[in-house]
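A.B. asks: I'd like to ask some things about the structure below.
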Amino acid sequence: MKKILLITALLIPLLSGCKKDPDPVDETTLKENARDGLYDLMQVMYLWNDKMPTVKASDYPGPAELLEALRYKPKDVYSRVMTYDDFLIFIQGTVEGRHGITLSLDTADVVRVVNLYKSSDLWPKGVRRGWIVKKVNNVDLAPIFINAVATHNWTAYDNLMGPATVGLTNSFLFQKPDGTEVTYSSTKSSFTINSVTASDVLDLPSGKTGYLCLETFIDPTPAELNEAFAFFKANNVTDLIIDLRYNLGGAMDVAQQLASQVMKAADTTKICYKLNYNSTVSSSWDETFKFTKTTNPLGLDRVVFITSRSSASASEVVISSLMPYISVSLVGDTTYGKPVGMNLFGFPFPTTSVPEPDYKYVFAPITFEYVNSSDWGGFYDGIAPDVLANDDITRDFGDPEELSLKAAIAVLEGTKAAPAAPFRRNTIVTEGNKLPAGLFLRSPKPFTK
(Lines give C-alpha, C1' and ligand atoms only; values in the text may rest on other atoms or scores of the structure.)
Protein backbone atom coordinates (compact mmCIF):
# COMPACT_ATOMS: atom_id res chain seq x y z
CA MET A 1 0.00 0.00 0.00
CA LYS A 2 1.39 3.39 -0.98
CA LYS A 3 2.16 5.93 1.68
CA ILE A 4 0.17 9.13 1.14
CA LEU A 5 2.09 12.24 2.10
CA LEU A 6 0.22 15.01 3.84
CA ILE A 7 1.15 17.43 1.08
CA THR A 8 -1.56 18.03 -1.48
CA ALA A 9 -1.94 20.13 -4.55
CA LEU A 10 -3.59 23.51 -4.17
CA LEU A 11 -7.11 22.94 -2.89
CA ILE A 12 -10.30 24.64 -3.97
CA PRO A 13 -10.58 26.82 -0.80
CA LEU A 14 -7.38 28.55 -1.84
CA LEU A 15 -8.95 29.61 -5.11
CA SER A 16 -12.05 31.07 -3.49
CA GLY A 17 -10.22 34.13 -2.27
CA CYS A 18 -11.52 33.70 1.28
CA LYS A 19 -8.89 33.71 4.01
CA LYS A 20 -9.05 33.48 7.76
CA ASP A 21 -7.68 36.27 9.86
CA PRO A 22 -4.01 35.31 10.07
CA ASP A 23 -2.36 34.42 13.32
CA PRO A 24 0.87 36.22 14.19
CA VAL A 25 3.68 34.57 12.23
CA ASP A 26 7.44 34.67 12.67
CA GLU A 27 8.40 35.58 9.11
CA THR A 28 11.86 34.04 9.40
CA THR A 29 10.43 30.74 10.64
CA LEU A 30 7.75 30.83 7.94
CA LYS A 31 10.33 31.31 5.15
CA GLU A 32 12.50 28.54 6.51
CA ASN A 33 9.56 26.15 6.84
CA ALA A 34 8.43 27.03 3.33
CA ARG A 35 11.95 26.45 2.04
CA ASP A 36 12.08 23.01 3.64
CA GLY A 37 8.62 22.15 2.38
CA LEU A 38 9.57 23.12 -1.16
CA TYR A 39 12.72 21.01 -0.94
CA ASP A 40 10.69 17.92 -0.01
CA LEU A 41 8.14 18.67 -2.73
CA MET A 42 10.79 19.04 -5.44
CA GLN A 43 12.39 15.70 -4.62
CA VAL A 44 9.13 13.94 -5.38
CA MET A 45 7.08 16.03 -7.84
CA TYR A 46 9.54 18.03 -9.96
CA LEU A 47 9.54 16.78 -13.56
CA TRP A 48 13.35 16.76 -13.67
CA ASN A 49 13.85 15.52 -10.10
CA ASP A 50 16.64 13.20 -11.31
CA LYS A 51 18.57 16.13 -12.80
CA MET A 52 18.52 18.59 -9.91
CA PRO A 53 21.87 19.59 -8.39
CA THR A 54 22.66 18.42 -4.86
CA VAL A 55 22.18 21.30 -2.44
CA LYS A 56 21.72 21.84 1.27
CA ALA A 57 18.34 23.51 1.88
CA SER A 58 19.53 25.33 5.00
CA ASP A 59 22.05 27.26 2.89
CA TYR A 60 19.19 29.31 1.41
CA PRO A 61 17.07 31.88 3.28
CA GLY A 62 13.73 31.05 1.68
CA PRO A 63 11.85 29.04 -0.96
CA ALA A 64 12.51 31.42 -3.87
CA GLU A 65 16.27 31.23 -3.44
CA LEU A 66 16.16 27.45 -3.04
CA LEU A 67 14.09 27.08 -6.19
CA GLU A 68 16.72 28.95 -8.20
CA ALA A 69 19.39 26.59 -6.88
CA LEU A 70 17.36 23.45 -7.70
CA ARG A 71 16.05 24.54 -11.10
CA TYR A 72 17.04 22.35 -14.09
CA LYS A 73 18.38 25.29 -16.06
CA PRO A 74 18.66 23.79 -19.56
CA LYS A 75 14.87 23.61 -19.81
CA ASP A 76 13.18 25.14 -16.79
CA VAL A 77 12.64 28.89 -16.86
CA TYR A 78 9.06 28.50 -15.66
CA SER A 79 8.94 27.11 -12.10
CA ARG A 80 8.26 29.77 -9.53
CA VAL A 81 7.26 30.65 -6.00
CA MET A 82 4.50 33.20 -5.46
CA THR A 83 2.88 34.72 -2.43
CA TYR A 84 -0.69 33.61 -1.96
CA ASP A 85 -1.94 37.16 -2.50
CA ASP A 86 -0.03 37.56 -5.79
CA PHE A 87 -1.46 34.28 -7.00
CA LEU A 88 -5.02 35.37 -6.26
CA ILE A 89 -4.48 38.62 -8.16
CA PHE A 90 -3.26 36.68 -11.16
CA ILE A 91 -5.83 33.90 -11.31
CA GLN A 92 -8.78 36.22 -10.68
CA GLY A 93 -7.61 38.53 -13.44
CA THR A 94 -7.33 41.62 -11.28
CA VAL A 95 -4.86 44.44 -11.78
CA GLU A 96 -4.10 47.24 -9.35
CA GLY A 97 -2.95 50.75 -10.15
CA ARG A 98 -3.03 50.39 -13.94
CA HIS A 99 -4.31 52.32 -16.95
CA GLY A 100 -4.88 48.99 -18.70
CA ILE A 101 -2.95 49.97 -21.82
CA THR A 102 -0.27 48.07 -23.77
CA LEU A 103 2.04 49.83 -26.23
CA SER A 104 4.64 49.10 -28.91
CA LEU A 105 6.66 50.70 -31.72
CA ASP A 106 5.46 50.21 -35.28
CA THR A 107 7.71 49.89 -38.34
CA ALA A 108 7.92 53.70 -38.59
CA ASP A 109 9.10 53.97 -34.95
CA VAL A 110 5.76 55.41 -33.88
CA VAL A 111 4.30 54.32 -30.52
CA ARG A 112 0.87 52.75 -30.89
CA VAL A 113 -1.75 51.17 -28.65
CA VAL A 114 -1.47 47.39 -28.90
CA ASN A 115 -4.25 46.49 -26.50
CA LEU A 116 -6.60 48.20 -24.06
CA TYR A 117 -8.71 46.52 -21.41
CA LYS A 118 -12.40 47.35 -21.50
CA SER A 119 -12.37 48.40 -17.83
CA SER A 120 -9.79 51.10 -18.54
CA ASP A 121 -11.21 54.62 -18.33
CA LEU A 122 -9.74 55.18 -21.81
CA TRP A 123 -12.01 52.54 -23.37
CA PRO A 124 -15.30 54.50 -23.19
CA LYS A 125 -13.45 57.48 -24.66
CA GLY A 126 -12.95 55.45 -27.82
CA VAL A 127 -9.23 54.66 -27.57
CA ARG A 128 -8.44 51.47 -29.47
CA ARG A 129 -5.59 49.36 -30.79
CA GLY A 130 -3.74 51.16 -33.56
CA TRP A 131 -4.08 54.68 -32.12
CA ILE A 132 -0.79 56.59 -31.97
CA VAL A 133 0.44 57.76 -28.56
CA LYS A 134 2.48 60.88 -29.20
CA LYS A 135 3.05 62.16 -25.68
CA VAL A 136 2.56 61.24 -22.03
CA ASN A 137 2.46 64.19 -19.64
CA ASN A 138 3.75 66.41 -22.50
CA VAL A 139 6.84 64.22 -23.00
CA ASP A 140 7.47 62.77 -26.46
CA LEU A 141 7.08 59.01 -26.14
CA ALA A 142 8.74 57.69 -29.30
CA PRO A 143 12.35 58.65 -28.35
CA ILE A 144 11.90 56.91 -24.99
CA PHE A 145 10.68 53.72 -26.70
CA ILE A 146 13.39 53.78 -29.37
CA ASN A 147 16.11 54.08 -26.73
CA ALA A 148 14.52 51.45 -24.48
CA VAL A 149 14.25 48.90 -27.30
CA ALA A 150 17.90 49.51 -28.21
CA THR A 151 19.21 49.33 -24.62
CA HIS A 152 16.64 46.93 -23.09
CA ASN A 153 16.23 49.49 -20.33
CA TRP A 154 12.68 50.68 -19.62
CA THR A 155 13.43 52.81 -16.56
CA ALA A 156 12.61 56.09 -18.31
CA TYR A 157 9.24 54.78 -19.46
CA ASP A 158 8.41 53.36 -16.03
CA ASN A 159 9.34 56.67 -14.39
CA LEU A 160 7.18 58.59 -16.87
CA MET A 161 4.14 56.39 -16.22
CA GLY A 162 4.69 56.42 -12.46
CA PRO A 163 4.11 53.74 -9.82
CA ALA A 164 1.19 51.33 -9.75
CA THR A 165 -0.83 53.59 -7.47
CA VAL A 166 -4.61 53.77 -7.60
CA GLY A 167 -5.65 57.38 -8.22
CA LEU A 168 -2.50 58.45 -10.07
CA THR A 169 -3.42 60.40 -13.23
CA ASN A 170 -1.43 60.70 -16.48
CA SER A 171 -2.18 62.73 -19.60
CA PHE A 172 -2.01 61.06 -23.05
CA LEU A 173 -1.84 62.83 -26.41
CA PHE A 174 -3.32 60.44 -28.99
CA GLN A 175 -3.54 60.62 -32.75
CA LYS A 176 -6.66 58.92 -34.09
CA PRO A 177 -6.75 56.84 -37.29
CA ASP A 178 -8.29 59.85 -39.10
CA GLY A 179 -5.24 61.97 -38.21
CA THR A 180 -6.89 64.20 -35.62
CA GLU A 181 -5.31 64.58 -32.19
CA VAL A 182 -6.95 64.44 -28.80
CA THR A 183 -5.66 64.63 -25.21
CA TYR A 184 -7.21 62.38 -22.57
CA SER A 185 -6.41 62.08 -18.89
CA SER A 186 -6.44 58.59 -17.43
CA THR A 187 -6.46 57.64 -13.76
CA LYS A 188 -4.90 54.38 -12.64
CA SER A 189 -7.39 52.04 -11.00
CA SER A 190 -8.01 48.45 -9.95
CA PHE A 191 -10.18 46.25 -12.13
CA THR A 192 -10.74 42.77 -13.55
CA ILE A 193 -9.35 42.30 -17.03
CA ASN A 194 -11.31 40.93 -19.98
CA SER A 195 -9.62 37.86 -21.46
CA VAL A 196 -11.62 37.90 -24.71
CA THR A 197 -10.15 40.90 -26.48
CA ALA A 198 -12.43 40.71 -29.51
CA SER A 199 -15.05 38.46 -31.12
CA ASP A 200 -16.71 39.05 -34.46
CA VAL A 201 -18.16 37.34 -37.52
CA LEU A 202 -16.55 37.97 -40.90
CA ASP A 203 -18.58 37.48 -44.08
CA LEU A 204 -16.12 35.82 -46.46
CA PRO A 205 -16.65 34.21 -49.87
CA SER A 206 -16.06 30.84 -48.20
CA GLY A 207 -18.80 31.52 -45.63
CA LYS A 208 -19.29 33.08 -42.25
CA THR A 209 -16.09 32.96 -40.22
CA GLY A 210 -15.81 33.57 -36.50
CA TYR A 211 -12.90 35.64 -35.18
CA LEU A 212 -11.87 35.23 -31.55
CA CYS A 213 -8.97 37.08 -29.93
CA LEU A 214 -8.10 35.63 -26.53
CA GLU A 215 -5.42 37.03 -24.23
CA THR A 216 -5.33 34.57 -21.34
CA PHE A 217 -6.90 31.52 -19.67
CA ILE A 218 -8.04 32.59 -16.18
CA ASP A 219 -11.11 32.34 -13.94
CA PRO A 220 -13.30 34.85 -15.87
CA THR A 221 -12.45 33.26 -19.24
CA PRO A 222 -14.98 30.36 -19.37
CA ALA A 223 -17.97 32.70 -19.17
CA GLU A 224 -16.45 34.99 -21.80
CA LEU A 225 -15.83 32.02 -24.12
CA ASN A 226 -19.40 30.79 -23.66
CA GLU A 227 -20.72 34.20 -24.67
CA ALA A 228 -18.45 34.36 -27.74
CA PHE A 229 -19.34 30.85 -28.93
CA ALA A 230 -23.05 31.48 -28.43
CA PHE A 231 -22.59 34.48 -30.74
CA PHE A 232 -20.76 32.32 -33.30
CA LYS A 233 -23.42 29.60 -33.11
CA ALA A 234 -26.26 32.11 -33.55
CA ASN A 235 -24.52 33.45 -36.66
CA ASN A 236 -23.96 29.98 -38.15
CA VAL A 237 -20.21 30.29 -38.57
CA THR A 238 -18.56 27.57 -40.64
CA ASP A 239 -14.93 28.51 -40.00
CA LEU A 240 -13.00 29.97 -37.10
CA ILE A 241 -9.89 32.09 -36.65
CA ILE A 242 -8.49 32.07 -33.09
CA ASP A 243 -6.05 34.87 -32.35
CA LEU A 244 -3.62 33.85 -29.59
CA ARG A 245 -0.76 36.20 -30.51
CA TYR A 246 -0.50 37.70 -26.98
CA ASN A 247 -1.77 34.70 -25.00
CA LEU A 248 0.91 33.45 -22.59
CA GLY A 249 -1.32 30.72 -21.17
CA GLY A 250 -3.09 29.97 -17.92
CA ALA A 251 -5.39 27.25 -16.64
CA MET A 252 -5.39 23.84 -18.33
CA ASP A 253 -9.13 23.29 -17.84
CA VAL A 254 -9.92 26.52 -19.70
CA ALA A 255 -7.70 25.44 -22.61
CA GLN A 256 -9.59 22.14 -22.59
CA GLN A 257 -12.89 24.05 -22.77
CA LEU A 258 -11.80 26.13 -25.77
CA ALA A 259 -10.55 23.09 -27.69
CA SER A 260 -13.82 21.30 -26.90
CA GLN A 261 -15.91 24.21 -28.18
CA VAL A 262 -14.21 23.87 -31.57
CA MET A 263 -15.07 20.15 -31.72
CA LYS A 264 -18.43 18.38 -32.00
CA ALA A 265 -20.68 17.74 -29.00
CA ALA A 266 -20.20 13.98 -29.50
CA ASP A 267 -16.41 14.23 -29.33
CA THR A 268 -16.27 13.91 -25.53
CA THR A 269 -15.06 10.32 -25.95
CA LYS A 270 -11.89 11.50 -27.74
CA ILE A 271 -8.60 12.30 -26.04
CA CYS A 272 -7.79 15.99 -25.75
CA TYR A 273 -4.36 15.73 -24.08
CA LYS A 274 -2.30 13.56 -21.75
CA LEU A 275 -0.08 14.54 -18.83
CA ASN A 276 3.15 12.63 -18.21
CA TYR A 277 4.88 12.99 -14.81
CA ASN A 278 8.29 11.84 -13.63
CA SER A 279 8.98 8.17 -12.94
CA THR A 280 8.66 8.68 -9.18
CA VAL A 281 4.94 9.46 -9.33
CA SER A 282 3.89 8.53 -12.86
CA SER A 283 1.99 5.41 -11.84
CA SER A 284 -0.44 7.45 -9.75
CA TRP A 285 -0.29 10.87 -11.42
CA ASP A 286 -0.18 10.30 -15.19
CA GLU A 287 -3.59 11.23 -16.55
CA THR A 288 -5.56 11.43 -19.79
CA PHE A 289 -8.12 14.16 -20.40
CA LYS A 290 -10.89 13.98 -22.97
CA PHE A 291 -12.78 16.78 -24.64
CA THR A 292 -15.52 18.06 -22.36
CA LYS A 293 -19.19 18.79 -22.79
CA THR A 294 -19.55 22.51 -23.54
CA THR A 295 -22.22 24.96 -24.53
CA ASN A 296 -22.48 25.80 -28.23
CA PRO A 297 -19.74 23.55 -29.66
CA LEU A 298 -19.20 24.42 -33.31
CA GLY A 299 -18.13 21.03 -34.70
CA LEU A 300 -15.69 22.52 -37.19
CA ASP A 301 -13.50 20.73 -39.74
CA ARG A 302 -10.74 23.35 -39.68
CA VAL A 303 -9.40 26.25 -37.65
CA VAL A 304 -6.69 28.85 -38.22
CA PHE A 305 -4.62 30.21 -35.34
CA ILE A 306 -2.80 33.53 -35.26
CA THR A 307 0.33 33.07 -33.14
CA SER A 308 3.51 34.79 -32.05
CA ARG A 309 6.44 34.17 -29.74
CA SER A 310 4.04 35.21 -26.97
CA SER A 311 1.66 32.31 -27.69
CA ALA A 312 2.57 29.87 -24.94
CA SER A 313 1.49 27.06 -22.67
CA ALA A 314 -2.30 26.75 -22.66
CA SER A 315 -2.37 28.35 -26.11
CA GLU A 316 -0.13 25.56 -27.38
CA VAL A 317 -2.32 22.97 -25.65
CA VAL A 318 -5.35 24.13 -27.64
CA ILE A 319 -3.41 24.04 -30.90
CA SER A 320 -1.76 20.65 -30.38
CA SER A 321 -4.91 19.00 -28.97
CA LEU A 322 -6.88 19.77 -32.13
CA MET A 323 -4.18 18.68 -34.59
CA PRO A 324 -5.06 14.94 -34.65
CA TYR A 325 -8.73 15.61 -35.43
CA ILE A 326 -9.21 18.63 -37.70
CA SER A 327 -7.22 20.77 -40.12
CA VAL A 328 -5.10 23.18 -38.07
CA SER A 329 -3.16 26.04 -39.67
CA LEU A 330 -0.95 28.67 -38.03
CA VAL A 331 -0.17 32.13 -39.33
CA GLY A 332 2.07 34.74 -37.72
CA ASP A 333 5.20 33.64 -35.89
CA THR A 334 6.52 30.51 -34.15
CA THR A 335 4.89 29.91 -30.77
CA TYR A 336 6.85 30.22 -27.53
CA GLY A 337 7.57 26.52 -27.00
CA LYS A 338 6.41 25.38 -23.56
CA PRO A 339 5.24 21.75 -23.69
CA VAL A 340 5.33 21.45 -19.90
CA GLY A 341 3.20 22.62 -17.02
CA MET A 342 2.87 22.73 -13.28
CA ASN A 343 0.58 21.70 -10.49
CA LEU A 344 0.01 24.33 -7.82
CA PHE A 345 0.77 23.63 -4.16
CA GLY A 346 -0.36 25.86 -1.33
CA PHE A 347 1.89 26.33 1.70
CA PRO A 348 1.54 25.65 4.61
CA PHE A 349 0.56 22.25 3.25
CA PRO A 350 -2.89 20.99 4.24
CA THR A 351 -2.96 18.19 6.80
CA THR A 352 -5.68 15.94 8.19
CA SER A 353 -5.90 18.18 11.25
CA VAL A 354 -5.77 21.46 9.31
CA PRO A 355 -7.32 20.78 5.88
CA GLU A 356 -7.64 24.51 5.05
CA PRO A 357 -4.56 26.30 6.39
CA ASP A 358 -3.93 30.02 6.15
CA TYR A 359 -1.93 29.92 2.92
CA LYS A 360 1.14 32.12 2.61
CA TYR A 361 2.84 30.79 -0.51
CA VAL A 362 1.97 29.03 -3.75
CA PHE A 363 4.62 26.70 -5.17
CA ALA A 364 4.44 26.13 -8.92
CA PRO A 365 7.21 23.75 -9.99
CA ILE A 366 7.16 22.13 -13.42
CA THR A 367 5.63 18.72 -12.81
CA PHE A 368 4.48 17.32 -16.16
CA GLU A 369 4.92 17.25 -19.90
CA TYR A 370 1.79 17.22 -22.03
CA VAL A 371 1.22 15.45 -25.33
CA ASN A 372 -1.79 15.19 -27.62
CA SER A 373 -3.70 12.03 -28.49
CA SER A 374 -0.98 11.13 -31.02
CA ASP A 375 1.64 11.42 -28.25
CA TRP A 376 3.12 14.48 -29.95
CA GLY A 377 4.76 17.09 -27.75
CA GLY A 378 8.24 18.19 -26.75
CA PHE A 379 8.14 21.32 -28.91
CA TYR A 380 10.61 23.34 -26.84
CA ASP A 381 11.50 25.36 -29.94
CA GLY A 382 7.85 26.26 -30.51
CA ILE A 383 5.32 25.35 -33.19
CA ALA A 384 6.22 26.91 -36.53
CA PRO A 385 3.59 28.78 -38.56
CA ASP A 386 2.41 27.65 -41.97
CA VAL A 387 2.49 31.27 -43.12
CA LEU A 388 4.81 33.91 -41.66
CA ALA A 389 2.88 37.15 -41.04
CA ASN A 390 3.64 40.39 -39.21
CA ASP A 391 1.76 41.58 -36.13
CA ASP A 392 0.20 44.69 -37.66
CA ILE A 393 -0.34 47.07 -34.73
CA THR A 394 -1.54 49.86 -37.04
CA ARG A 395 -4.96 48.19 -37.24
CA ASP A 396 -7.50 47.06 -34.66
CA PHE A 397 -8.29 43.44 -33.80
CA GLY A 398 -10.75 41.98 -36.30
CA ASP A 399 -9.80 44.33 -39.14
CA PRO A 400 -9.58 42.09 -42.25
CA GLU A 401 -6.72 44.26 -43.53
CA GLU A 402 -4.59 43.66 -40.41
CA LEU A 403 -1.67 41.65 -41.80
CA SER A 404 -1.95 38.56 -39.57
CA LEU A 405 -5.73 38.33 -39.91
CA LYS A 406 -5.41 38.96 -43.65
CA ALA A 407 -3.02 36.00 -43.89
CA ALA A 408 -5.42 33.82 -41.87
CA ILE A 409 -8.30 34.74 -44.19
CA ALA A 410 -6.10 33.88 -47.19
CA VAL A 411 -5.52 30.40 -45.75
CA LEU A 412 -9.26 29.83 -45.48
CA GLU A 413 -9.85 31.22 -48.97
CA GLY A 414 -7.13 29.02 -50.43
CA THR A 415 -5.04 31.95 -51.60
CA LYS A 416 -2.19 31.66 -49.07
CA ALA A 417 -0.42 34.97 -48.84
CA ALA A 418 3.32 35.16 -49.43
CA PRO A 419 5.45 35.08 -46.25
CA ALA A 420 5.92 38.45 -44.57
CA ALA A 421 8.89 40.36 -45.93
CA PRO A 422 10.57 41.93 -44.16
CA PHE A 423 9.52 40.14 -41.00
CA ARG A 424 9.53 42.07 -37.72
CA ARG A 425 8.94 41.09 -34.10
CA ASN A 426 7.41 43.83 -31.97
CA THR A 427 8.48 44.62 -28.41
CA ILE A 428 5.21 44.74 -26.46
CA VAL A 429 5.26 46.86 -23.30
CA THR A 430 2.81 46.43 -20.43
CA GLU A 431 2.55 48.54 -17.30
CA GLY A 432 4.79 47.39 -14.48
CA ASN A 433 5.84 43.79 -13.81
CA LYS A 434 3.27 41.21 -14.82
CA LEU A 435 3.14 37.71 -13.38
CA PRO A 436 4.03 35.21 -16.10
CA ALA A 437 0.93 33.25 -17.05
CA GLY A 438 2.37 29.77 -17.36
CA LEU A 439 0.32 26.66 -17.90
CA PHE A 440 -0.91 25.12 -14.69
CA LEU A 441 -3.26 22.49 -13.39
CA ARG A 442 -5.27 22.87 -10.22
CA SER A 443 -5.70 19.41 -8.77
CA PRO A 444 -6.70 18.38 -5.23
CA LYS A 445 -5.11 14.95 -5.66
CA PRO A 446 -2.36 14.11 -3.13
CA PHE A 447 0.96 12.86 -4.43
CA THR A 448 2.65 9.65 -3.34
CA LYS A 449 6.16 8.76 -2.32
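The values are calculated or read from the model by the stated rules, or taken from the named source; none is laboratory data. Because the structure is a prediction, the values reported are computed rather than measured. Using ideal geometry, Cβ is built from the backbone for each residue, glycine included, and neighbour counts are taken over all protein chains shown. Accessible surface areas use protein heavy atoms only, side chains included; no ligands, DNA or RNA. Shrake-Rupley method; radii C 1.70, N 1.55, O 1.52, S 1.80 Å.
A.B. asks: Restricting to Cα pairs below 8 Å that are 6+ residues apart, what does the relative contact order work out to for the chain? Please round to a whole percent. Kindly include the intermediate steps, with their values, before the conclusion.
C.D. replies: Details: 997 pairs, mean separation 92.5, N = 449.
Once normalised by length, the contact order is 21 percent.
A.B. asks: Where a ≥ b ≥ c are the square roots of the eigenvalues of the C-alpha gyration tensor, would you call the stretch 286-351 rounded, which needs a/c under 1.5, or, failing that, prolate if a/b is larger than b/c, or oblate? It would help to have the intermediate numbers written out before the result.
C.D. replies: Values: a/c = 2.74, a/b = 1.48, b/c = 1.85.
It comes out oblate by the Cα gyration axes.
A.B. asks: Indicate the gyration tensor shape class of the stretch 209-367 (rounded, prolate or oblate), computed on the Cα atoms with a ≥ b ≥ c the square roots of the eigenvalues: a/c under 1.5 is rounded; otherwise a/b larger than b/c is prolate and the rest oblate. Please report the intermediate quantities before stating the final value.
C.D. replies: Working: a/c = 1.83, a/b = 1.76, b/c = 1.04.
Because a/c hits 1.5 or more and a/b exceeds b/c, the stretch 209-367 counts as prolate.
A.B. asks: Nearest 5 percent is fine: what portion of the DSSP beta bridges confined to the chain is antiparallel?
C.D. replies: Numbers: 50 of 70 bridges.
The antiparallel fraction comes to roughly 70 percent.
A.B. asks: Separate question: What 222 nm value per residue comes from the helices of the chain, counting each DSSP H run with n ≥ 4 as -39,500 (n - 2.57) and dividing by all residues, nearest 500 deg cm²/dmol?
C.D. replies: Values: 11 runs with 105 residues, N = 449.
It comes out at -7000 deg cm²/dmol, rounded to the nearest 500.
A.B. asks: How big is D for the chain, in µm² s⁻¹ as a whole number, if Stokes-Einstein is applied with the Kirkwood radius of its Cα pairs at 4 °C and 1.567 mPa s?
C.D. replies: Working: Rh = 23.3 Å.
Rounded, D is 56 µm²/s.
A.B. asks: Between their Cα atoms, which of Lys31/Lys56; Lys73/Lys274; Lys75/Lys338; Lys135/Lys188 are more than 21 Å away from each other?
C.D. replies: Numbers: Lys31/Lys56 15 Å; Lys73/Lys274 24 Å; Lys75/Lys338 9 Å; Lys135/Lys188 17 Å.
Long pairs (Cα-Cα over 21 Å): Lys73/Lys274.
A.B. asks: Additional query: Among 349-357, 193-201, 122-130, what's the highest-first ranking by average C-beta atoms within 10 angstrom per residue?
C.D. replies: Values: 349-357: 13.4, 193-201: 19.4, 122-130: 16.7.
Per-residue mean Cβ counts within 10 Å order the peptides as 193-201, 122-130, 349-357.
A.B. asks: Rounded if a/c is under 1.5, else prolate if a/b beats b/c, else oblate: with a ≥ b ≥ c from the C-alpha gyration tensor eigenvalues square-rooted, which is the stretch 68-110?
C.D. replies: On the way: a/c = 4.21, a/b = 1.34, b/c = 3.16.
Cα axes put the stretch 68-110 in the oblate bin.
A.B. asks: Per residue, what accessible area does the chain have, given a 1.4 Å probe and all protein chains present, in Å²?
C.D. replies: Details: 19040 Å² over 449 residues.
Ligands and nucleic acids excluded, the figure is 42 Å² per residue.
A.B. asks: What ranking, highest mean first, results for peptides 173-185, 368-380 when packing means the other Cβ atoms within 10 Å averaged over each residue?
C.D. replies: Details: 173-185: 12.4, 368-380: 16.7.
Packing order, densest peptide first, comes out as 368-380, 173-185.
A.B. asks: Here is a further query. Net charge around Asn235, counting only other residues with Cβ within less than 14 Å of its Cβ (Lys, Arg = +1; Asp, Glu = -1)?
C.D. replies: Values: positive: Lys208, Lys233; negative: Asp200, Asp203, Glu227, Asp239.
For residues surrounding Asn235, the net value is -2.
A.B. asks: Taking only C-alpha pairs under 8 Å that are 6+ residues apart, what is the relative contact order of the stretch 369-411 in percent?
C.D. replies: Values: 26 pairs, mean separation 10.2, N = 43.
The normalised contact order for the stretch 369-411 reaches 24 percent.
A.B. asks: If you don't mind, another one. Of all accessible surface on the chain at a 1.4 Å probe, what whole percent is carbon and sulfur? The partial results should precede the final answer.
C.D. replies: Numbers: 9850 of 19040 Å².
Result for the chain: 52 percent of the exposed heavy-atom area is carbon or sulfur.
A.B. asks: Still on this model: Quick one: if the Förster radius is 45 Å, what FRET efficiency do Asn296 and Thr415 give, using the C-beta to C-beta distance and rounding to 0.05?
C.D. replies: On the way: r = 30 Å, r/R0 = 0.66.
Once the sixth-power term is evaluated, E becomes 0.90.
A.B. asks: OK, next. Let me check against my output: what whole-number percent is the relative contact order of the stretch 319-404, with C-alpha pairs under 8 Å and at least 6 apart?
C.D. replies: Values: 128 pairs, mean separation 32.2, N = 86.
Worked out over the stretch 319-404, it gives 37 percent.
A.B. asks: Of the listed pairs Lys134/Lys406; Lys208/Lys270; Lys51/Lys290; Lys118/Lys176; Lys233/Lys293, which have alpha-carbon separations greater than 24 Å here? Let's see the in-between values first.
C.D. replies: Values: Lys134/Lys406 27 Å; Lys208/Lys270 27 Å; Lys51/Lys290 31 Å; Lys118/Lys176 18 Å; Lys233/Lys293 16 Å.
Distance filter (> 24 Å) returns Lys134/Lys406; Lys208/Lys270; Lys51/Lys290.
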